[in-house]
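Notes follow the structure.
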Amino acid sequence: MSRKIEVEFTLSGLEKLRVFLTEKRKDAKELPEKITKEVLKEGESLILENMRKQNIREAKGELFRSIFSEQDKEKGVVGVQAEYAKFVEYGTGVVGKGSPHPDPPEEWEYDVPSEHKTLDGGWVYYDEHAGQFRFTYGAVSKPFMYHTYYDLRDRSMEIAKRIVGELIDD
């Protein structure tokens, strides 16, 4: 990754070196934004990849369409905006309680008491997409964002090294 630069110790040689270093400094100032942009792009891909690994049917529906990223210079956020994403991520009901998320928020409750529940812990809800009532005992946790966080954390450094290396090798 190192580059050897030969410089003639003449006025024109030193001027060429000054121009070269000025361009590199300008490119280096753009590094944080460029790295952030690439990390966010990778994050969106990882969310989808982890949805598929978790066999999330919604990976082609609303949950998939709600994947987003936002960038403000060298800061960014990547995630999903669907309201029900947290129920997919953490699981619900007695089923979710039996296969919990690896790191649920402290306030997460799997088996919330409700007047709509049956004695054995199931409940009926109206599925707006299907246009009908459904019965469920809940859903297992499918921690696609949890895995995305760790995958992206690991890949971010690789992305940064690659982009810095491209600047140096240019």
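What to note about this one:
- Unique match (being at pLDDT 90 or above, of a type in the set (D, E, K, R) and under 13 Å from Thr148 (Cβ atoms)) among Arg65, Arg52: Arg52
- Flag if Val88 is crowded, with 18+ Cβ neighbours inside 10 Å and either touching a Gly at 6+ places or on another chain (Cβ under 9 Å) or not in a helix (DSSP H, G or I) (or both): no
- Of residues in segment 145-161 being of a type outside the set (Ser, Thr, Tyr) and free of Cβ contacts under 8 Å to residues at least 40 places away in the same chain, the one farthest from Glu44 (Cα to Cα): Lys161
Okay, residues lined up against (1) assigned to a loop (DSSP other than H, G, I, E, B); (2) among the basic types (Lys, Arg); (3) surrounded by 17 or more Cβ atoms within 10 Å (Cβ to Cβ):
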| residue | (1), (2), (3) |
| --- | --- |
| Gln71 | no, no, no |
| Gly96 | no, no, yes |
| Glu106 | yes, no, no |
| Val112 | yes, no, no |
| Val124 | no, no, no |
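- Selection within segment 143-170 - in contact with a His (Cβ under 9 Å, 6 or more places away or on another chain) and assigned to a loop (DSSP other than H, G, I, E, B): Pro143
The values are calculated or read from the model by the stated rules, or taken from the named source; none is laboratory data. What you are looking at is a predicted structure, and each value in this text was computed from that prediction instead of being measured. We place every Cβ from the backbone using ideal geometry, glycine too, and count neighbours over all the protein chains shown.
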